[in-house]
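Taken together, the values in this text are just the output of simple stated rules run on the coordinates, not laboratory data. All of these numbers come straight from a predicted model, not from anything done at the bench.
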Amino acid sequence: MGSALTVTVTTWGSQVKTLLQACADISNHLDYSAASHSSDDAWIGASLQHRNGAPAPVSEISKYFS
């Protein structure tokens, strides 16, 4: 029974390490995506404002979805 539990603990430990590595990879990718798209977000935000900083009306925004 002891050897079976050792195998179980070893297997679970390996699976946990694999899961943690996958989570780290996803986190790194999300950080990279956020950083690489920040300039796009700034441009979109600026294009949806008037020169005085007021938000664009819905009629202007809706033309981006046609």
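In table form, for the structure just shown:
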{"quantity": "Rounded tilt (10° steps) of 2-47 against the dominant C-alpha axis of the chain", "calculated": "10"}
{"quantity": "Using distinct alpha-carbon pairs, which all enter the 1/r mean, Kirkwood radius of the chain in Å", "calculated": "16.4"}
